[in-house]
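Colleague: Sharing a structure here in C-alpha cells format.
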Amino acid sequence: MIFETTAPRQGEELDASRLSEWLTANLHEPPGALEIEQFPNGHSNLVYLVRTPTHEYILRRPPLGRVAPKAHDMVREYRVLDAVHPHFPEAPRVIALCDDPTVLGAPFFLMERRHGFVVRHSAPAEWATVPDYPRLASEAVVDCLARLHDVDISTEKSSTAKLRALGKPAGFVERQVRGWAERWNAAKTDELPEMDSVIRWLHEKLPPQLAPSLVHNDFKLDNVMLSPTADRVTAVLDWEMTTLGDPLADLGLTMCYWTWAATADSDDPHPATPAITTQPGWYTRDQFVDRYSRKTGRDVTDLGYHETLGIFKLAVILQQIYFRFKRGQTTDARFQHFDKRVRGLVLLADRMAAGTSR
C-alpha cells in the first residue's frame, strides 16, 4: 500500500495555529492555514503529513501519555537521522527540530517526505505487472540491511564523528538485555513466570559480540518503503532506537517478523508481523539469512540468541503500548488485546530459548 493518511485521530490532533507560527518563525513559511493529516498505522510515535502552500513535511512526535525513560526521544532520533543520512541515503533527510514542548506538547521534528510502498498484509496493486516481485522485494530488504551494516563506523574521519557518537558498542548486548528487562518491569501488568525465565536465559547465554556496526534496532518489512518496481528500498523509517552494536541484533529482530504467522497460543498474527512473507515467492528465513551472510561475510552462528532477544524486545514493546492503553493514556482500540499478544510472544521466546544451544 502507499503510505496512506487520514484525518488525525480524536485526541491526537495538532495545534495548527501554534505549528504555523513555529514554521513561520523557523522555516520562513508564509503564515496561513496548514493541511494536517495523520499516518494511522503505527503503534508507537505519532506521525503526520503537514502541507504548507509551498512544502510537504513529515512530522514525528512521541505518543500521548507517560512513556518509558529514553523511549520515543525525538531529539535523539533527529540527531540519528542527521548523522546517518549522509552515509546511508535510505535514511530520510531531516529538516528542523523543535525541542520546546510548549509548541505541540512534546518535542517534534520535521523530515522530508519519501514516496513508495509500505507492505504489510498484501502487495500493492501496482506490483501486479512486476514479474517475481516477492523475490525482488525480499532481496531489496536483505541488501538494504546489509548496506546499513556496512556503513564504515571504524575510521577517525571527521565525516563519521556524528556516527561514532551514536552509541558505545562495547557491552551492547548485555545492556540491551538489562535495559529491556527494566522496561518490562516498569510496564508489567501481570506476572508471567516465563518472562522471568527468558530474562535469566538471555543474561546467562550472552554470545561473543561481532565487530560493531550501525544497528537500526527495528528493521522490518513495514518499516521500509519499496519502489514501484519492488527491487529497491526508497526509505527506511523509525530510527529512534538506532545505535552502534552487534549487527546480528538487527538480523535477529528482522527474523522475528519475517515469517512468524502467529503467536504461540493464538491463531491471530501478532500485530507487527507482515504475514505476506509466508506467501509463495517471498524469501524463506533460511534464504534471507544466507543472502545476508554472503553479502556481509558475517558469521551468523549465534543468530538463535539474537532472534530470541528480538522476540523478547517485541513483547516488551507491545507491553508498553498495552500499559498505556490500560492506564487510559491512549484510547486506540487496536491495543485492547495486546496483553494476549504479549503472552504469546513471551511463550514463544521461552520455547526458543529452550531449543537454542547457546
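Colleague: Tell me which of S138, L148, W282 sits at the most positive position along the dipole axis of the chain, charges placed on C-beta atoms (Lys, Arg +1; Asp, Glu -1).
Modeller: Of the candidates, L148 comes out farthest on the positive side.
Colleague: Which of the peptides 162-169, 124-131 is most tightly packed, and how do the rest follow, judged by the mean count of other Cβ atoms within 10 Å per residue?
Modeller: Put in order of decreasing packing, that is 162-169, 124-131.
Colleague: Would you work out which of A187, T229, A91 lies farthest towards the positive end of the dipole of the chain? Charges go on Cβ: Lys and Arg +1, Asp and Glu -1.
Modeller: Farthest towards the positive end: A187.
Colleague: Just to confirm a number: summing +1 for Lys and Arg and -1 for Asp and Glu over residues other than K188 whose beta-carbon lies under 14 angstrom from that of K188, what do you get?
Modeller: Here the charged neighbours net out to -1.
Colleague: Can you tell me the 0 to 90 degree angle between the C-alpha axis of helix 172-187 and the longest principal axis of the chain, rounded to 10?
Modeller: 70 degrees
Colleague: If you line up the long axis of helix 193-204 against the longest principal axis of the chain, both from Cα atoms, how many degrees apart are they, to the nearest 10?
Modeller: It is inclined by approximately 80 degrees.
Colleague: I need to check one value: relative contact order of region 16-111, counting alpha carbon pairs closer than 8 Å and at least 6 residues apart, in percent.
Modeller: 22 percent
Colleague: Go through S197, F325, F108 and say which Cα lies farthest out towards the positive end of the charge dipole of the chain; charges sit on Cβ, +1 for Lys and Arg, -1 for Asp and Glu.
Modeller: It is S197.
Colleague: Further question on the same structure: Could you tell me whether the chain comes out rounded, prolate or oblate from its Cα gyration tensor? Rule is a ≥ b ≥ c as square roots of the eigenvalues, rounded for a/c under 1.5, then prolate if a/b exceeds b/c, otherwise oblate. Before the final figure, lay out each step's value.
Modeller: On the way: a/c = 1.41, a/b = 1.28, b/c = 1.10.
It comes out rounded by the Cα gyration axes.
Colleague: Cut-off 10 angstrom, C-alpha nodes, Gaussian network model of the chain. Which of K188, K220, K313 fluctuates the most?
Modeller: Comparing K188, K220, K313 in the GNM, the peak value goes to K188.
Colleague: Could I have the simple spin-label model distance between H115 and S17, label points 7 Å from Cα toward Cβ, reported in nm to one decimal?
Modeller: 3.5 nm
Colleague: Now for a separate question. Evaluate region 16-111: find the radius of gyration of its Cα atoms, find its Kirkwood radius, and give the ratio Rg to Rh.
Modeller: 0.95
Colleague: Next up: Dipole of the chain, Cα-centred, from +1 at each Lys and Arg C-beta and -1 at each Asp and Glu C-beta, to the nearest 20 debye?
Modeller: In debye, rounded to 20, the chain gives about 560.
Colleague: Per residue of region 127-135, in order, report the coupling 6.51 cos²θ - 1.76 cosθ + 1.60 (Karplus, θ = phi - 60°) as ³J(HN,Hα) in whole Hz, putting x for Gly and Pro.
Modeller: For region 127-135, the Karplus-derived couplings read 7, 4, 9, 9, x, 6, 4, x, 5 Hz, x marking Gly and Pro.
Colleague: Please list, in order along region 320-334, the HN-Hα scalar couplings obtained from phi with the Karplus expression 6.51 cos²θ - 1.76 cosθ + 1.60 (θ = phi - 60°), rounded to whole Hz, x for Gly and Pro.
Modeller: 4, 5, 5, 4, 5, 5, 5, 8, x, 7, 9, 10, 5, 5, 4
Colleague: List the aspartates and glutamates whose Cα sits under 12 Å from the Cα of K220, skipping any in the same chain fewer than 8 residues away.
Modeller: Hits, sequence-local ones excluded: D238, D250.
Colleague: Another question, then. Which ³J(HN,Hα) values in Hz, rounded to whole numbers, follow from the phi angles of region 219-224 under the Karplus curve 6.51 cos²θ - 1.76 cosθ + 1.60, where θ = phi - 60° and Gly and Pro get x?
Modeller: Karplus values, whole Hz, x for Gly and Pro: 7, 8, 4, 8, 10, 10.
Colleague: Quickly estimate the mean residue ellipticity at 222 nm for the chain, helices only: each DSSP H run with n ≥ 4 gives -39500 (n - 2.57), and the total goes over all residues, rounded to 500.
Modeller: -12500 deg cm²/dmol
Colleague: How high is the relative contact order of the chain? Use alpha-carbon pairs under 8 Å, at least six apart in sequence, and give a whole percent.
Modeller: RCO, the chain: 18 percent.
Each value in this text was obtained by applying a stated rule to the coordinates, not by laboratory testing. Please read these numbers as outputs of a predicted model, since none were measured by experiment. Note that each Cβ is placed from the backbone with ideal geometry, even for glycine, and that neighbours are counted across all protein chains shown.
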